[in-house]
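Here the structure comes first, spelled out in structure tokens, and everything after it is commentary.
Please treat every number below as a calculation from the coordinates, not as lab data. What you see is a predicted model; the values in this text were computed from it and never measured. Positions of Cβ are backbone-derived with ideal geometry, glycine not excepted, and every protein chain shown enters the neighbour counts.
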Amino acid sequence: MSERLTKVDFTNLEKTLYPKVKITKAQVIEYYIKVAPKMLHLLADRPMVLTRYPDGVEKQGFYEKDKPKGTPSWVKTVKIYSETAKRDVKYGIQTARLLKEKLDQLGLQSYVKTSGKKGLHIVIPIQRDYPYRVTREFAHVIGQYLARETDIVVSEFSETKKPNKVFIDYTQNSHGKTMVIPYGLRATSDATVSTPLEWTEVKKGLKPETLNLFSVVKRKKDPWEKELPKPLLRKKLNRNR
């Protein structure tokens, strides 16, 4: 069976999108071509929205939920009803390791990635049978449990302004909430990437800011190589996306 090829036209390939590190539109396209084998199977059958920065990451971007003009006919779309402190990374690492320990005790397989900014995202494969209210309550209960285990964790939104704390953001397990895709570029000055990790990499010395457009494509291993069951239960370990 022959593969279907799609011709795509690009313009303004020399346009600078990441001024600090001088990354052009062409380099961003090249990056996504290189990570596609690791990335695409994780996105299959999941709705996706875009945060676009047409004038570069140092300019105002916008959140695009509707398909843009010129979207190819083979791109599937779905209608979804819409309802109307930065952390030292060592706290996120300590909390993530503690959370993995508890999930292991429950017999739950977990996966971890950087947010591409200051936080870590932990995902747990679940069956489709559970509604949002169940996954949200589960994440909330886990947060409450960890808050009793360690004083660096808070589980209630009202406590998020306390200094030197990590909020287990159970609210992300709600209808309409989003999470940056694995291997997705972030709108940061250093072109950081939300990078899937091996759990052994989540330790002292982890520097998420070094996981960027240049370094991620050089990583040999794909920690999330096996396709995760869908959908995913998401936990966010800081207040910032």
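Overview of values
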item: Peptides ranked, highest mean first, by Cβ atoms within 10 Å: ranges 60-68, 217-225; result: 217-225, 60-68
item: Cross-link partners of residue 59 among aspartates and glutamates (Cα-Cα below 15 Å; sequence separation of 8 or more within a chain); result: 190
item: For the chain, fraction of C-alpha pairs farther apart than 28 Å, in %; result: 36
item: Which listed pairs, of 7/34; 177/218; 34/221; 15/118, have C-alpha distances above 19 Å, in listed order; result: 177/218; 15/118
item: Size of electric dipole in the chain: Cβ of Lys, Arg +1 and of Asp, Glu -1, about Cα centre, debye, nearest 20; result: 320
item: Unit charges at the beta carbon, dipole of segment 160-217: most positive-side option, 164, 175, 200; result: 164
